[in-house]
Amino acid sequence: MRRLEDREAIRELIARYGPLADTGDGVGVAALFVPDGSYGIAGFADANGRRAIAALLDTPTHQALMEDGCAHLLGPVTITLDGERATATGHSIVFRHGADGFTAYRVSANRWTLARASNEEWLVVRRENALLDGNAAARLLLQPAT
Amino acid sequence: MRRLEDREAIRELIARYGPLADTGDGVGVAALFVPDGSYGIAGFADANGRRAIAALLDTPTHQALMEDGCAHLLGPVTITLDGERATATGHSIVFRHGADGFTAYRVSANRWTLARASNEEWLVVRRENALLDGNAAARLLLQPAT
Amino acid sequence: MRRLEDREAIRELIARYGPLADTGDGVGVAALFVPDGSYGIAGFADANGRRAIAALLDTPTHQALMEDGCAHLLGPVTITLDGERATATGHSIVFRHGADGFTAYRVSANRWTLARASNEEWLVVRRENALLDGNAAARLLLQPAT
């Protein structure tokens with residue numbers, strides 16, 4: 001039962017990311033993380049702490065994406081629980097609107113490390129994201145938790 | 001436990017939409033909704049009641065989509081329960097087959113309002129859908145339930 | 001409660017496919033199936049048994065996909081339980097990286113037949129996959145379990 005609740009809480013937490021990113025809610029995205037959590041986007045940024053994570057949504061890159069029209073779609077995650085910690089892996093696709101309709105602007109691998117706080121709430125400790133453009137390092141993010 | 005069952009029932013209900021739409025099953029799509037439910041597609045249609053919802057799948061627009069080949073892919077939903085009511089938000093992507101392969105024909109935001117009937121079954125009261133083409137109104141659909 | 005656990009186990013099992021396929025882990029993909037399970041990809045292959053399923057990932061087709069960069073994204077599945085058996089249906093999208101960015105290389109319908117083994121573990125008995133390119137047979141895979 002506890003296992004089911006943990007998995008459901010983690011799935012809900014990760015599902016919230018897409019709508020928050022699409023609406024430019026940096027504070028909302030940062031609140032998915034523990035206060036000293038981090039979000040690494042290979043070749044682009046490695047944001048440490050909620051303030052830096054929230055600031056990612058204020059960058060010209062993200063603002064231009066929102067102006068054009070975008071969807072931060074996530075795939076299903078495979079979740080491995082290990083007591084108060086957990087790992088989840090899965091895809092994220094950023095669709096971007098343009099003159100010729102929508103394109104899959106980014107197709108990425110994601111590895112989420114999560115922790116259950118003393119108040120039972122699950123939060124993200126670290127998210128790693130890398131483009132699946134043939135790079136072996138991106139594929140590594142999708143390997144099963146050990 | 002009740003909470004887990006409610007969330008699972010809502011996720012299953014929403015997951016059924018894609019396969020029903022792809023197979024042109026208008027009666028099946030309508031049965032996801034309460035009898036006086038509604039489905040609003042910004043700039044295209046606002047169907048009220050099961051008969052009108054079912055009829056959306058008989059339109060030339062939908063029939064042409066099926067002939068070309070299509071997939072109504074949904075993303076994960078973030079679900080907020082509030083007693084006998086619930087709100088779910090998430091993306092939907094319509095892929096369409098053509099001479100050059102598949103394109104993301106529609107990339108949309110969705111807001112589902114749901115209700116639990118007296119027989120414990122969850123059904124959709126209203127679904128709102130809008131293209132994420134930079135329009136602020138579409139982004140609003142993805143805001144957290146209040 | 002048993003129902004919730006069954007559904008969660010099936011969802012997790014299917015969610016594992018994408019990361020395993022992206023990383024070329026043929027043995028891992030095969031282990032999602034019962035020993036004499038099968039995986040039919042319409043117009044491409046019908047692999048019977050774990051050894052044949054694992055070999056699909058060693059084909060030049062799959063190796064080229066990994067070299068280019070790919071993501072085997074799955075959509076949500078609708079799950080129908082029937083005692084020790086279950087059926088799940090849903091979409092799978094293969095994104096492929098190329099000179100012009102990412103394209104939706106394959107957009108498919110999937111029908112998964114699953115069984116619960118004596119050790120309580122759910123495994124895939126058969127997966128059928130077909131491109132949603134307007135072919136009626138592909139749409140049939142998405143029909144509700146009877």
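For the stretch C:88-119, enumerate the residues that are of a type in the set (S, T, N, Q) and over 19 Å from the mean Cα position of the chain (by Cα). Full working, then the answer.
Here is the first cut: in the stretch C:88-119, the ones of a type in the set (S, T, N, Q) are C:89, C:92, C:103, C:108, C:110, C:113, C:118-119.
Of everything in the stretch C:88-119, those that are of a type in the set (S, T, N, Q) and over 19 Å from the mean Cα position of the chain (by Cα) turn out to be C:THR103, C:SER118, C:ASN119.
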For this session: Go through (1) more than 7 Å from every other protein chain (Cβ to nearest Cβ); (2) surrounded by 16 or more Cβ atoms within 10 Å (Cβ to Cβ) and name the single condition C:GLY69 misses.
Result: (1)
Exercise. Looking at this structure, is A:ARG126 assigned to a strand (DSSP E or B), surrounded by 20 or more Cβ atoms within 10 Å (Cβ to Cβ) and in contact with a Ser or Thr (Cβ under 9 Å, 6 or more places away or on another chain)?
Worked result: no
For this session: Name, by its number, the condition in (1) in contact with a helix residue (DSSP H, G or I) (Cβ under 7 Å, 6 or more places away or on another chain); (2) within 11 Å of chain C (Cβ to nearest Cβ); (3) free of Cβ contacts under 8 Å to residues at least 40 places away in the same chain; (4) within 19 Å of A:ASP22 (Cα to Cα) that does not hold for A:HIS91.
Result: (3)
For this session: Could you list all residues from the stretch B:99-121 that are charged (D, E, K, R) and either surrounded by fewer than 17 Cβ atoms within 10 Å (Cβ to Cβ) or more than 19 Å from B:TYR39 (Cα to Cα) (or both)?
Result: B:ASP100, B:GLU120, B:GLU121
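If you check B:ALA88, B:ALA130, B:ALA145, B:ALA109, which single one turns out to be at pLDDT below 95 and either within 30 Å of A:VAL27 (Cα to Cα) or of a type in the set (D, E, K, R) (or both)?
Answer to the check: B:ALA145.
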Exercise. Across the stretch B:129-139, what is the number of residues that are small (Gly, Ala, Ser) and either buried (at least 17 other Cβ atoms within 10 Å of the Cβ) or within 9 Å of chain A (Cβ to nearest Cβ) (or both)?
Worked result: 3
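For residues in the stretch C:112-127 being out of contact with any strand residue (DSSP E or B) (no Cβ under 9 Å at 6 or more places or on another chain) and modelled with pLDDT under 95, which is nearest to A:TYR105 (Cα to Cα)?
C:GLU120
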Problem set entry | Output for the stretch A:35-56, where each listed residue is under 27 Å from A:ARG139 (Cβ atoms) and touching a residue at least 24 places away in the same chain (Cβ under 8 Å) | A:GLY37, A:SER38, A:TYR39, A:GLY40, A:ILE41, A:ALA42, A:GLY43, A:ILE53, A:LEU56
For this session: Residues being surrounded by 22 or more Cβ atoms within 10 Å (Cβ to Cβ) and either modelled with pLDDT under 95 or farther than 15 Å from B:THR113 by Cα (or both): count how many of those fall in the stretch B:31-56.
Result: 1
For this session: Mind listing just one residue for me: the one in the stretch A:1-20 that is closer than 12 Å to B:PRO144 by Cα and of a type in the set (A, V, I, L, M, F, W, C) and, of those, nearest to the other protein chains (Cβ to nearest Cβ)?
Result: A:ALA15
For this session: May I ask you to list the residues in the stretch C:71-108 that are touching a His at 6+ places or on another chain (Cβ under 6 Å) and part of a strand (DSSP E or B)?
Result: C:ALA71, C:LEU73, C:VAL94
Exercise. Checking C:LEU142 against (1) without any contact (Cβ under 8 Å) to a residue 40 or more places away in the chain; (2) within 11 Å of chain B (Cβ to nearest Cβ), which test does it fail?
Worked result: (1)
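Within the group C:VAL125, C:VAL77, which residue is more than 13 Å from chain A (Cβ to nearest Cβ), within 12 Å of the chain's Cα centre (by Cα) and farther than 13 Å from C:ALA21 by Cβ? Break it down stepwise before answering.
Values: C:VAL77 fails: more than 13 Å from chain A (Cβ to nearest Cβ).
Exactly one of C:VAL125, C:VAL77 is more than 13 Å from chain A (Cβ to nearest Cβ), within 12 Å of the chain's Cα centre (by Cα) and farther than 13 Å from C:ALA21 by Cβ, namely C:VAL125.
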Exercise. Which helices (runs of 4 or more DSSP H) sit wholly inside the stretch A:15-64 and have at least 1 residues that are touching a Lys or Arg at 6+ places or on another chain (Cβ under 9 Å) and of a type in the set (Phe, Trp, Tyr)?
Worked result: A:17-22
Exercise. Inside the stretch B:111-122, can you point out the residues that are more than 10 Å from chain A (Cβ to nearest Cβ), part of a strand (DSSP E or B) and of a type outside the set (Gly, Ala, Ser)?
Worked result: B:TRP112, B:THR113, B:LEU114, B:ARG116, B:TRP122
Exercise. Just one of the numbered conditions (1) in contact with a helix residue (DSSP H, G or I) (Cβ under 6 Å, 6 or more places away or on another chain); (2) farther than 24 Å from A:ARG2 by Cα is not true of C:ILE41; which one?
Worked result: (1)
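The values are calculated or read from the model by the stated rules, or taken from the named source; none is laboratory data. Here the structure is a predicted model, which is why all the values come from computation and not from measurement. Note that each Cβ is placed from the backbone with ideal geometry, even for glycine, and that neighbours are counted across all protein chains shown.
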